[in-house]
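Data first, discussion second: the structure below is written as structure tokens.
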Amino acid sequence: MPRAQAVPDQEPWWITNYRGRGPHQRYSHHNHAKTRRSVGFFIHHMGLRPSQAILDLCCAFGRHTHEFTRRGFPRTVGVDLSPDMLAHAASSAGANGRRPRFVRADVRALPFRNASADAVLMLRSFGFLDTPEEDLVVLKEAARVLRPGALLGMDHFPPNSATAKVGTRILKGPEATTTVHTTWDPATARLNSRMSTRYEDGHVEPFHSSSRLYTPEELRGAFAEAGFTVHGTFGGYDGSPLTGDSTRCIVVARRA
């Protein structure tokens, strides 16, 4: 039987941010070509096969989940805690008549059986919780649902990417423009952002975010504690090696 879901009593920023007029409009600047590239990267480097059960954790509006389905991976499931994001994800057109399955759940208590998944993906969603201990729970829960020997793919920004993000940026998309003011707190290793989105009709919506950026060494230690061994690391989707100068940390880890 599926496990019971645990949903927080108070909504954190990664829920409240995705309410309002349309978070998919806020993030309309996302590049579909980049989505295709990242999905292709993990298919190749994780050796994924269409018959496998894949979990896309913290899937938001499902852009990666849908891309896997378009590529013929019908057992891909998108998981997120935001009902608004999942509603948009589920309403998006499927590929060749196929629609991915979406499940509302807290990634700290996934409603899936032990060893029931062939692969787990966490794409730019690790470090959102308040403490490293909570983040570790997420990795342990991913290990629980993965079958022995299966792989987890993660895309994470390390701390040395923070300097490129600090300051003010303007993200323009076809449906909205978002102004982002970002600061870096070295004491907590958290990247904190205050943002406002202006929609096409002039309506403005404020929101914020805070994420913990882990070094590659910290990630390796967390994976080990959760029952994984790091299978491969990369500094970008071009397959470049991870170095001290990399502003992206892509990890493929194997469950023991």
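Just so you know, all these numbers are worked out from the coordinates, no wet-lab data involved. All values reported here derive from a predicted model rather than from experimental measurement. Heads up, the Cβs are rebuilt from the backbone with ideal geometry, glycines too, and the neighbour counts pull from every protein chain shown.
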Extension length gain for Q52 and D201 (0.36 nm per residue less Cα distance), in nm, is 49.3 nm
Which residues in segment 199-216 have a backbone N closer than 11 Å to a point placed 7 Å from the Cα of E175 along the Cα-to-Cβ line?
-> 200
What value, in deg cm²/dmol to 500, does the helix sum -39500 (n - 2.57) over DSSP H runs of n ≥ 4 give at 222 nm once divided by the residues of the chain?
-> -7500 deg cm²/dmol
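Using Cβ contacts closer than 10 Å as the measure, can you line up V166, V120 from fewest to most?
Least to most surrounded, the residues fall as V166, V120.
Quick one: divide the alpha-carbon radius of gyration of the chain by 2.2 N^0.38 Å and tell me what you get. Let's see the in-between values first.
On the way: Rg = 17.6 Å, N = 256, 2.2 N^0.38 = 18.1 Å.
It is 0.97.
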State the antiparallel share, in %, of DSSP beta bridges confined to segment 40-126, rounding to the nearest 5.
-> 10
Hey, in the GNM for the chain with a 10 angstrom Cα cutoff, which one of T229, T163, T197 fluctuates hardest?
-> T163
The chain - share of DSSP beta bridges that are antiparallel (%, nearest 5) = 70
Taking a crude spin-label model, label points 7 Å out from Cα along the C-beta direction, the R98 to R147 distance in nm is 1.8
Signed unit charges on C-beta, dipole axis of the chain, positive-most listed residue S51, L219, A176 | S51
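Can you give the percent of C-alpha pairs in segment 161-209 whose distance is more than 18 Å? It would help to have the intermediate numbers written out before the result.
Details: 397 of 1176 pairs.
Result for the distance tail: 34 percent.
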With a point put 7 Å past each Cα toward its Cβ, work out how far R194 is from T247 in nm, to one decimal.
-> 2.4
